[in-house]
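**Q** Structure in structure tokens, see below.
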Amino acid sequence: MNKGLLIVVSGPSGCGKGTVLAEILKNDNIFYSVSATTRAPRPGEVDGVNYHFLTKEKFEELIGNDGMLEYAEYCGNYYGTPRKPVEDMLTEGKHVILEIEVQGAMKIMEKCPDAVFVFILPPSLKELRRRLNKRGTETEDVIEKRLSEAAGEIKQAYKYNYTVVNGELSEAVDDLKAIIRAEELSAKNYPNYIDEVLENA
Ligand code: 5GP
């Protein structure tokens, strides 16, 4: 069986990554990697669903055991991708989505050059500010911190394979689906489609 695709999705806080991905994850063959973090849960977030919420000590223990595929510090907290579930799902032929920030994505670029890198852009920085204010889940301080990270993050989008502008949600979802489909059809990723044709002489 073919291995699944490792799909890395980044984008500044408030660009609507989560909403786009919720649509994409309606496909049973796509698995969302639940990250670990040391930040506190937001209202409504569930441990093991949105994140594995860990203490700093536990997180550092996992780093020490090579249990993280990648990790980064972002706005004063650790965020990381537990290695085993990702590797298991890829081996089973499922596509895996990592929703991670830019430093983590750069680490995956080094370790897994065959992964697909997608950057979700807001239509503008002004709109990003509006969305973060509207979400209302962060304090004014945190919003300012996240906005000041945003421009720096967006400058790194040049390093990704694809960009998707999340202006109109349905268009962004269609664009991401098209990217995944194109990668599925790539001769590099699935050469055995070619082998199948040749075998049926
Ligand atoms: P938030 O606190 O808004 O949930 O996430 C903050 C940032 O951390 C987002 O850009 C999000 O994509 C990123 N992030 C979430 N999980 C991971 C992870 O496992 N690794 C890395 N490097 N970044 C992550």
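**Q** What relative contact order, as a whole-number percentage, does region 8-75 give when Cα pairs under 8 Å and 6 or more residues apart are counted?
**A** This gives 20 percent for region 8-75.
**Q** Gaussian network model of the chain, Cα springs within a sub-10 Å range: biggest mean-square fluctuation belongs to which of ALA182, ALA72, ALA36?
**A** ALA182
**Q** Please give the charge dipole size of the chain, origin at the Cα centre, charges +1 on K and R Cβ atoms and -1 on D and E Cβ atoms. Round to the nearest 20 debye.
**A** Magnitude of the dipole: close to 620 debye.
**Q** Divide by every residue of the chain the summed helix terms, -39500 (n - 2.57) for each DSSP H run of at least 4, and state the resulting mean residue ellipticity at 222 nm, rounded to the nearest 500 deg cm²/dmol.
**A** My calculation for the chain gives -13000 deg cm²/dmol from helical runs alone.
**Q** Only Cα pairs within less than 10 Å get springs; with that Gaussian network setup on the chain, which residue of LYS26, LYS94, LYS177 has the largest fluctuation?
**A** LYS26
**Q** Let me ask something else about it. Give me the percent relative contact order of region 119-201, please, defined on Cα pairs under 8 angstrom at least 6 residues apart.
**A** That works out to 34 percent.
**Q** What number comes out for accessible area per residue over region 6-199 if the probe is 1.4 Å? Units Å², please.
**A** Averaged over the residues of region 6-199, the accessible area is 54 Å².
**Q** Each label point is 7 Å from the Cα along the Cα-to-Cβ direction; what then is the distance between the points at THR55 and GLU171, in nm?
**A** Output for this residue pair reads 4.9 nm.
**Q** Please state the relative contact order of the chain as a whole percent: Cα pairs under 8 Å, 6+ residues apart?
**A** Value for the chain: 31 percent.
**Q** Using the alpha-carbon centroid of each, what span in Å lies between region 75-96 and region 9-46?
**A** If you average the Cα positions of each part, the centres end up 13 Å apart.
**Q** For a quick size check, give me the Cα extents of region 6-199 along its three principal axes, largest first, whole Å.
**A** Extents along the principal axes, in whole Å: 62, 41, 29.
**Q** Same structure, new question: What's the FRET efficiency of ILE194 with ARG83 using the Cβ-Cβ distance as r and R₀ = 35 Å, to the nearest 0.05?
**A** In this case the efficiency is close to 0.65.
**Q** For the chain, give the percent of accessible area contributed by carbon and sulfur heavy atoms, probe 1.4 Å, rounded to a whole number.
**A** With neighbouring chains kept in place, the figure for the chain is 52 percent.
**Q** While we're on this one: Looking at the chain as a GNM with Cα springs under 10 Å, which of ILE143, ILE120, ILE100 has the largest mean-square fluctuation?
**A** ILE143
**Q** Follow-up question, since we're still on this one. Could you tell me what percent of the DSSP beta bridges with both partners in the chain are antiparallel, to the nearest 5?
**A** Bridges in the chain that DSSP calls antiparallel: roughly 30 percent.
**Q** Separate question: Just want the answer: with Cβ charges of +1 for Lys and Arg and -1 for Asp and Glu, which residue in LEU169, THR139, MET106 is farthest toward the dipole's positive end in the chain?
**A** Value: THR139.
**Q** LEU125 versus ASN161, label points 7 Å from Cα toward the beta carbon: distance in nm?
**A** 3.0 nm
The values are calculated or read from the model by the stated rules, or taken from the named source; none is laboratory data. As the structure is a computational prediction, the values presented were derived from the model and not from experiment. Methodologically, a virtual Cβ is constructed for each residue, glycine included, from the backbone with ideal geometry; neighbour enumeration extends over all protein chains shown. Surface accessibility is based on the protein's heavy atoms, side chains included, excluding ligands, DNA and RNA. Shrake-Rupley method; radii C 1.70, N 1.55, O 1.52, S 1.80 Å.
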